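What follows is a short report on a single structure.
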Amino acid sequence: MTTVLSVEYRRDHVLILDQTLLPQQQHFIRCTTTKEVWECIHALKVRGAPAIGMAAAFGLAVWANRFPGLNFSDFLVKLEQEHRFLASSRPTAVNLFWALERVTAAAKKASSVPEAVQAIENEAMQIQQEDEAVCRKIGEHALELLKDGDTILTICNAGAIATARYGTALAPMHLAKEYGKQLSAYACETRPLLQGGRLTTWELLQAGIDVTLITDNMSAHTMRTKGISAVIVGCDRVAANGDTANKIGTFGLALQARALNIPFYVAAPTSTIDLKTPSGEEIPIEERNPEEVTHFGGKRIAPEGVKVFNPAFDVTPHEYITAIITENGIAHGDYARELPRLVNQEKAV
Ligand code: MRU
């Protein structure tokens, strides 16, 4: 598995792996301001729900370390401003807001600027450490649903570089490899930004895991003809009733999996479960720049003036989800009852 960290805290700056340049280049961006972190999140240089939460938390830690002065109430007012600013970078993944809340709450418990700076830094580092353990647990639970030799189909990249390590949907692949078991993957390319074609393939090839790339419109045919045992996807937000927002194209995969009687699993840390959002109807879906669709590799492919609809995510209704796999265990269908139990249960890590 790649040992590259997508986000690395260095106190007066945070290093962000530029995922838009992968797999051609492994380049790190040195961010010293919240504005630079905001831009990295907004432009998907760092992406994946847990990774953007970590980047934002470290962004606040860098800001706090560079805060001039010792006036604590002034510090807290400015912290709230920076918090709101970073929270405006992307709307769908709840981990972003969850991580920012965690570090801000830690600062509010302090009683001086130096104490608050330390609290923010500790909390942000704790989020990253926990995420590694959480992803490993998700992988362990996912393996309970799979058997040696299975072939899974996935979309986007819910892997190591979208998290602290292991990933969510890709965690069982990495753990199977570690345990000497064989799992193979089909990776949907994931138009328009090709997180599957560029990132999942790169990550799995690096780990020595069998992966085959397909374009998104090949998924139903692949499920029917290539012995797909399960579809596993990550997610950006799970509503209280189990409706799940993930990369655009996920809902289509769920419909295809249902028609073909293939289990459809969502892998998510409990930090992605948002019990305050009752259903998928209330999940804000990010719409991105039309150029992501009209252009390919920097070159225009669609006629000037064409109308474009470019949602970054879709919502899969809970009735199409066979199970939601978290670090605290697996929810099997009665999500309104099971998700609060998993979220509020004592931490597994
Ligand atoms: O737009 P992206 O690349 O940030 O979308 C990411 C996804 O849809 C992932 O599946 C999700 O964030 C989970 S990452 C563990």
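Brief remarks follow.
- Counting every C-alpha pair in the chain, the share spaced more than 31 angstrom apart comes to 31%.
- For residue 323, the residues 5 or more places off, or on other chains, whose built amide H falls under 5 Å of its own are 264, 266.
- Counting only protein heavy atoms and a 1.4 Å probe, segment 266-349 has 54 square angstrom of accessible area per residue.
- Vicinal HN-Hα couplings computed from phi for segment 113-122 (Karplus, 6.51 cos²θ - 1.76 cosθ + 1.60; Hz; Gly/Pro x): 4, x, 5, 5, 4, 4, 5, 5, 4, 4
- When 147, 247 are compared by accessible surface with a 1.4 Å probe, the order from highest to lowest is 147, 247.
- Vicinal HN-Hα couplings computed from phi for segment 235-241 (Karplus, 6.51 cos²θ - 1.76 cosθ + 1.60; Hz; Gly/Pro x): 7, 9, 6, 10, 6, 4, 8
- Less than 5 angstrom separates the built amide H of residue 273 from those of 238, all sequence-distant by 5 or more or on a different chain.
- When the residues 72, 58 are ordered by accessible surface, computed with a 1.4 Å probe over the protein chains alone, the sequence from largest down reads 72, 58.
- For segment 129-186, the solvent-accessible area of protein heavy atoms averages 33 Å² per residue (probe radius 1.4 Å; ligands and nucleic acids excluded).
- Residue of 163, 190, 294 that the Gaussian network model of the chain assigns the largest fluctuation, springs spanning Cα pairs under 10 Å: 294
- Relative contact order, percent, segment 1-138 [alpha-carbon distance under 8 Å, six or more residues apart]: 23 percent
- Segment 52-115: trypsin sites (Lys or Arg not before Pro) in DSSP loop, at most 10 other beta carbons within 10 Å: 109
- Karplus-based coupling profile of segment 327-339, in residue order and whole Hz: 5, 9, x, 10, 9, 10, x, 8, 5, 4, 8, 7, 5, with θ = phi - 60° in 6.51 cos²θ - 1.76 cosθ + 1.60 and x standing for Gly or Pro.
- Fraction of accessible area attributable to carbon and sulfur, segment 1-96 (%, probe 1.4 Å): 54 percent
- Close amide H pairs (under 5 Å, H built 1.01 Å from N) link residue 296 with 301, residues at least 5 positions away or on another chain.
- Extreme residue, positive dipole direction of segment 7-125, given options 33, 93, 62 (C-beta unit charges): 93
- Ranking of 291, 203, 304 by solvent-accessible surface, largest first: 304, 291, 203 (1.4 Å probe, protein heavy atoms only, all chains present).
The values are calculated or read from the model by the stated rules, or taken from the named source; none is laboratory data. Please read all numbers here as calculations on a predicted model, not as lab measurements. Counting neighbours? That spans all protein chains shown, and the Cβs are built from the backbone with ideal geometry, glycine included. Heavy atoms of the whole protein, side chains included, go into the accessibility calculation; ligands, DNA and RNA do not. Shrake-Rupley method; radii C 1.70, N 1.55, O 1.52, S 1.80 Å.
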